[in-house]
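Worksheet for the structure shown next.
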Amino acid sequence: MDINRPALINQLVEKHRYTKKAAAQLIDDFTMIILDNLREGNSVTIRNFGCFDLLKRNTRTGKHPVTGAPTYIPAHWVPRFYPAPNMKMMVKLWEDDQKRRL
């Protein structure tokens, strides 16, 4: 099951008694703070969740998808997320549950 923004808002309303407007604002503010910090070159670490940071990709050559000709790919920065140990453990527990059901 995929959880999108409206579903996340509904979970905040049901589990934590936020109003829909307050829950939507919370999600918007949270994401904007992370994006603003990444734009400034800062990393954002949230205990028991993970770390958002930036990774520099070096210059490299690749192949043009249509012609197959070599093409130059310039150096650039990409966002990266490292999950915290607690998140990794939750995924492992989910994986174990899935294997037992097979």
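Taken together, the values in this text are just the output of simple stated rules run on the coordinates, not laboratory data. All values derive from a computational prediction rather than experimental measurement. Please note: Cβ atoms are built from the backbone with ideal geometry, for glycine as well, and neighbour counts cover all protein chains shown.
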Query raised in the report: Given H placed 1.01 Å from N in the peptide plane, which residues other than close sequence neighbours of G50 have an amide H under 5 Å from its amide H?
Result: A84
Report summary line: Surrounding charge for V78, neighbours by C-beta under 9 angstrom, Lys/Arg +1, Asp/Glu -1, total +3
Report summary line: Highest GNM mean-square fluctuation among N86, N42, N58, for the chain with Cα springs under 10 Å, belongs to N58
Query raised in the report: Based on the mean of other beta carbon atoms within 10 Å per residue, what is the order of 9-20, 70-81, most packed first?
Result: 9-20, 70-81
Query raised in the report: For the chain, modelled as a GNM with alpha-carbon contacts under 10 angstrom, which of G68, G41, G50 fluctuates the most?
Result: G68
Report task. Rank K88, K21, K63 by mean-square fluctuation in a GNM of the chain with C-alpha springs under 10 angstrom and give only the top-ranked residue. Result -> K63
